[in-house]
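Data block below; observations after.
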Amino acid sequence: MAKSTHSAIVDPRNEDVKIYINGEFHSRENAQISVFDSGFLVGDGIWEGLRLHNGKFAFLQKHLDRLFAGASAVHLDIGLTREELTEALNETIEINNMTDDVHVRLMITRGNKKTPSQHPSNVVGGPNIVIIAEHKVADPSVAQEGITLFTVTVRRPAPDTLDQRLNCHSKLHEVIALVQAIQAGADEALMLDPTGAVATCNATNFFIIKNGEVWTSTGEYCLNGITRELILEVAREKGMPAFEKPFSLTDVYSADEAFVTGTFGGLTPVIEVDGRTIGDGKIGMTTVQLQNLYKEAIHAEVSE
């Protein structure tokens with residue numbers, strides 16, 4: 001895999017993981033969903049990515065809050081309570097004998113259709129729920145050396161087109177953005193909002209450091225990331241001025257530091273944007289400090 005915020009160390013144990021599908025477990029090669037599934041047909045579904053630390057899902061309640069809010073927004077009946085869904089997550093890690101350094105993808109679609117179409121009345125039965133747990137350690141070299149970004153022509157749409165705060169299966173615009181960035185020689189894509197302000201990256205939230213201040217976008221055109229929220233919290237707790245505000249590429253090019261956040265990679269430094277070196281082209285002191293504060297917050301969460 002090319003360098004990215006999702007670069008992971010290869011783990012052969014993942015060949016034998018058991019995958020949860022609607023209450024049953026299947027081997028990797030036999031884990032299948034119908035071609036009539038709503039997610040496959042029209043991208044109709046929601047999902048969460050979670051990390052397992054010391055046998056506990058970090059910030060599980062925040063992830064479930066976002067999941068159930070998204071389901072309510074798109075009028076998707078998950079069919080399980082929060083407690084039942086938590087039990088399914090725990091069953092998945094238990095059957096796979098997992099305790100640490102695990103990434104879990106929880107996906108819920110509206111269910112199978114009796115014919116290929118958008119209309120929800122064609123759903124047969126309940127939703128499809130899939131849980132994929134894998135042994136995944138983020139490549140430590142990426143967190144130290146950083147990534148490069150390219151500002152793509154694909155914009156984040158306005159909320160009245162597709163609300164970017166929804167963690168939904170409709171990700172084609174992000175895939176197109178990533179492909180464009182890769183073709184331009186960068187690792188990942190930086191995306192603007194409809195006003196021309198910086199919004200987010202294709203799969204992570206974007207931050208810059210300017211004059212000791214932490215800046216990220218307004219949040220109107222990006223996923224309401226759990227890690228994004230946490231970084232703003234820990235920064236403010238330590239007395240760092242941290243703002244959600246509109247800013248331009250001019251601000252990015254002149255930033256002292258930049259980084260992206262996500263559940264899998266945590267904080268990943270950005271060393272170059274559109275061929276412009278950010279700071280001195282290395283991970284910055286504030287980014288390192290925030291990485292450490294993030295790790296401390298996870299430790300406190302899973303130790304409770």
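Computed from the coordinates by the stated procedures, all read-outs in this text should not be read as laboratory data. A quick note: this is a predicted structure, and the numbers were derived from the prediction, not measured. Glycine also receives a Cβ, built like all others from the backbone with ideal geometry; neighbour counts cover every protein chain displayed.
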- Message: Could you work out [θ]222 nm for the chain from helices alone, using -39500 (n - 2.57) per DSSP H run of at least four and dividing by all its residues? Round to the nearest 500 deg cm²/dmol.
- Response: -9000 deg cm²/dmol
- Item | Ascending count of other beta-carbon atoms within 10 Å, so fewest first, for Cys222, Cys168 | Cys168, Cys222
- Task: In nm, give the distance between the simple-model label positions of Asp65 and Val10, each being 7 Å from the Cα along the Cα-to-Cβ direction.
- Result: 4.0
- Query: What is the antiparallel percent of DSSP beta bridges lying wholly in the stretch 141-303, to the nearest 5?
  - Reply: 65
- Message: Taking the number of other C-beta atoms within 10 Å as the exposure measure, put Phe25, Phe259, Phe150 in order starting with the fewest.
- Response: Phe25, Phe150, Phe259
- Item | Efficiency of FRET from Cβ geometry, Ala31 and Ser170, R₀ 30 Å, rounded to 0.05 | 0.85
- Query: Count of lysine pairs in the chain with Cα atoms under 22 Å apart, counting only pairs 8 or more residues apart in sequence or on different chains?
  - Reply: 18
- Determine the relative contact order of the chain: mean sequence separation of Cα pairs under 8 Å and six or more apart, normalised by residue count, in whole percent. 19
- Message: Expected output is a single nm value to one decimal: the length gained when fully extending between Ser303 and Ser254, i.e. 0.36 nm times separation in residues minus the C-alpha distance. What is it?
- Response: 13.7 nm
- Task: Have a look at Glu213, Glu134, Glu29 and tell me which one the Gaussian network model of the chain (Cα, springs below 10 Å) gives the largest fluctuation.
- Result: Glu29
- Determine one quarter of the surface area of the Cα convex hull of the stretch 125-224, which equals its mean projected area, and express it in nm² to one decimal. 9.2
- Zone of Ser72 (label point 7 Å along Cα→Cβ, backbone N under 17 Å): which residues in the stretch 192-234? 224
- Task: Give the label of the value calculated from the structure for Cα extents along the principal axes in Å, choosing from (i) 55, 41, 34; (ii) 81, 54, 49; (iii) 65, 42, 40.
- Result: (i)
- Item | Low-density loop positions, trypsin sites (Lys or Arg not before Pro), the stretch 64-122 - DSSP coil, at most 11 other Cβ in 10 Å | Lys114
- Counting sequence-distant residues (5 or more places) and residues on other chains, those with an amide H built under 5 Å from that of Cys201 are Met191, Phe206
